[in-house]
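Below is one structure; the comments refer to it alone.
The values are calculated or read from the model by the stated rules, or taken from the named source; none is laboratory data. On a predicted model such as this, the values are computed, not experimentally measured, just so you know. Quick reminder, even Gly has a Cβ in these numbers, built from the backbone with ideal geometry, and neighbours come from all protein chains shown. For the accessible areas, the whole protein counts, side chains as well, though only heavy atoms, and no ligand, DNA or RNA atoms are used. Shrake-Rupley method; radii C 1.70, N 1.55, O 1.52, S 1.80 Å.
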Amino acid sequence: MNANATSLTGAILIGARDLAADRSFRAVDPARDSAIEPAFAEAGPAHVAEAAALAAAAFPAYRATAPEARAAFLEAIASEIEALGDVLVERAGLESGLPAARLTGERARTTGQLRLFASWVRAGGADEPRLDSPQPERKPLPRADLRLRHIGVGPVAVFGASNFPLAFSVAGGDTASALAAGCPVIVKGHPAHPGTSELVGRAIRRAVAACGLPEGVFSLLTGTSHELGSALVADPRIAAVGFTGSRAGGLALARIAAGREVPIPVYAEMSSINPVFLLPEALASRAEALAAGFVGSLTLGAGQFCTNPGLVIALDSPGLDRFLAAASAALGGAPAATMLTPGIARAYAGGVAALEESGAAQTLARGRADGGANACRPALFVTDGAAFRATPALAREVFGASALVVRCADVEDLLAVARAVEGQLTATLQLDEGDHALAAALLPVLEEKAGRILANGWPTGVEVCHAMVHGGPFPATSDVRTTSVGTLAIRRFLRPVCYQDLPAALLPAAVADGNPLGLPRLVDGAAQPGAAP
Ligand code: NAP
């Protein structure tokens, strides 16, 4: 199979090779509920083994690349993605039902995050060297010469997410941070967007070749079976896993990883309902504006964001009544938008039906029912604090534009509801100055629940930067210490190595005398600036 930059072959991309398979599948256009050409090869365990062998062979040379070479590679991937032009956005739109404007923005985020990681690697963010000088005269014992740097953990398996076919998929945040860390990557492409995946996979492959890197630095396995992802995680050459998707999927992969002869970490971003606290003064002064902002955030992208505000918590008050009236009116007029896949649309309809039939929440409003195939009809429910705390099912993520409002009897009830929620990616406070005392009481609770706490904003929209945390306690993620967005995401795929009393001639450049790479380093506990790039 041969391909120019923008044609699709349906091949499995293993290193520089295009491979076929006995079985195939097609993508589905969710707006028309119809299959799209071409057929894509179903990868199996033999393909996993081949990709893993190549990745393991590539690891020693790839992790030894200098920061400048690795940064140039990340930038080359970004340029190759841009060079795909409109074809990429068109194919992603066809496979996901997402509008072109959203996908164009997502492409910019994808290339922007590759370039951010490039700059971070150049700035020493992968090596993070620390040196402690020897103290030969120290009593009672001398101190050795100790130098620490970080190296990549080894080949990383990345599971592309359905809801961000570019920014959380083949060249998304997990791939960018693993490559930045010096780890070869094998992507298990999401079966919802195989064509988008192939286009991006080929772009990465071209960057690998242009940068003179070993072919095993990147492979893309396409397929629709759990066996494929399971075999990848079980392969002894895989050292870590990045995943975004369902709680069931993330936990299944984490179980496989933990049960291996050599267990490995799974960094899974799974489910979050992102509570929004409407504090009393803010509600009293601007209930209608809050309702408009909330419905906009809830229905954005058919609600298919991990940061979608699925839970609203407030004290019973006239302000809350105004909010509910305005939100119901806005939601009632909200159009039904196509969801990413028929499976996600079915799961959404099932989740909404379960809330409707729960007996523990009342339906306040539904959006318009005029969508086509696989449409998400927005939904708004209300309950009280006692019912919420007594009914764990009310706190389950309904992926899509569905939200539950919890009407709390008093401050104690509100704090108890806050304590009852599971781990979250975000928690939002809508507050005015007069709400600061209540916010101060909530803050310690929210710090223990969420990775990011916002004031007077909406959680959808995640900035890719150095200070971002897109993580949180379980079930938001499987490892509370990490983030999957922002430069700190690189830490998931790095491990520290300390060199004690090594001869100068053997020291890696990152920790060598004279700082030949010009990296910022921590020397005897003091930050030492690097040479300007
Ligand atoms: P998913 O079903 O978890 O699938 C994600 C990836 O994991 C796919 O490549 C899937 O491939 C693989 N996978 C899932 N279960 C597996 C298992 N038991 N063993 C091996 N591999 C497995 O997620 P999805 O298809 O994107 O959406 C389904 C649901 O996930 C949504 O309704 C929503 O609840 C949730 N979701 C959450 C987020 C978030 O950001 N938190 C984002 C997207 C989706 P195969 O199916 O080919 O095995």
Check your understanding: When Lys and Arg each count +1 and Asp and Glu each count -1, what net charge do the other residues less than 10 Å away from ALA395, Cβ to Cβ, add up to?
Key -> 0
Practice item. Measure off, as a whole percent, the carbon and sulfur share of the 1.4 Å-probe accessible area of the chain, all protein chains present. Key: 57 percent
Point to revise | the chain: angle of helix 100-122 to the longest principal axis, Cα-based, in degrees nearest 10 | key: 40 degrees
Revision key, fill the gap. Under the helix-only model (-39500 (n - 2.57) for each DSSP H run of 4 or more, divided by the residues of the chain), the mean residue ellipticity at 222 nm, to 500 deg cm²/dmol, is -12000 deg cm²/dmol
Exercise for review: Could you run the Karplus curve 6.51 cos²θ - 1.76 cosθ + 1.60 with θ = phi - 60° over segment 297-302 and give me ³J(HN,Hα) per residue in whole Hz, x for Gly and Pro?
Suggested key: 5, 5, 9, 4, x, 6
Check your understanding: Considering only protein heavy atoms, what per residue accessible area in square angstrom results for segment 275-455 with a 1.4 angstrom probe?
Key -> 37 Å²
Practice item. Could you work out the per residue convex hull volume over the alpha carbons of the chain, in cubic angstrom? Key: 167 Å³
Review point. For ILE151, which sequence-distant residues (separation of 5 or more, or a different chain) have an amide H within less than 5 Å of its own amide H, given hydrogens modelled in the peptide plane?
Key: ARG495, VAL497
Study note, to complete from the structure: Taking 355-366, 334-345, 202-213 and ranking on average Cβ neighbours within 10 Å, highest first, one gets 334-345, 202-213, 355-366
Exercise for review: Stick to the Cα atoms of segment 270-310, pair each with every other, and give me the Kirkwood hydrodynamic radius in Å at one decimal.
Suggested key: 11.0 Å
Point to revise | Listed peptides 53-59, 417-423 by packing density, highest first (mean Cβ within 10 Å) | key: 53-59, 417-423
**Study point:** Cα-based Kirkwood hydrodynamic radius, segment 352-460, one decimal, Å
**Key:** 15.4 Å
Review point. How big is D for segment 275-455, in µm² s⁻¹ as a whole number, if Stokes-Einstein is applied with the Kirkwood radius of its Cα pairs at 4 °C and 1.567 mPa s?
Key: 80 µm²/s
Practice item. Just name one of LEU442, ASN374, ILE453: the one whose Cα is farthest towards the positive end of the charge dipole of segment 275-455 (beta-carbon charges, Lys/Arg +1, Asp/Glu -1). Key: ASN374
Exercise for review: Could you work out the Rg to Rh ratio of segment 428-530, with Rh taken as the Kirkwood radius (inverse of the mean 1/r over all Cα pairs)?
Suggested key: 1.15
Check your understanding: Rounded to the nearest 5, what % of the DSSP beta bridges within the chain are antiparallel ones?
Key -> 45 percent
**Study point:** Mean-position separation - Cα centroids, segment 217-295 and segment 467-532, in angstrom
**Key:** 25 Å
Check your understanding: Mind checking the dipole of segment 275-455: about its Cα centre, +1 per Lys or Arg Cβ, -1 per Asp or Glu Cβ, Debye to the nearest 20?
Key -> 680 debye
**Study point:** Relative contact order computed over the chain (Cα-Cα under 8 Å; 6+ residues apart), in percent
**Key:** 17 percent
Review point. If packing is taken as the mean number of other Cβ atoms within 10 Å per residue, what is the order of 150-162, 280-292, highest first?
Key: 150-162, 280-292
Point to revise | Probe 1.4 Å, protein heavy atoms only - accessible area per residue of segment 1-99 in square angstrom | key: 43 Å²
Check your understanding: How much of the DSSP beta bridge set in segment 275-455 is antiparallel, as a percent to the nearest 5?
Key -> 20 percent
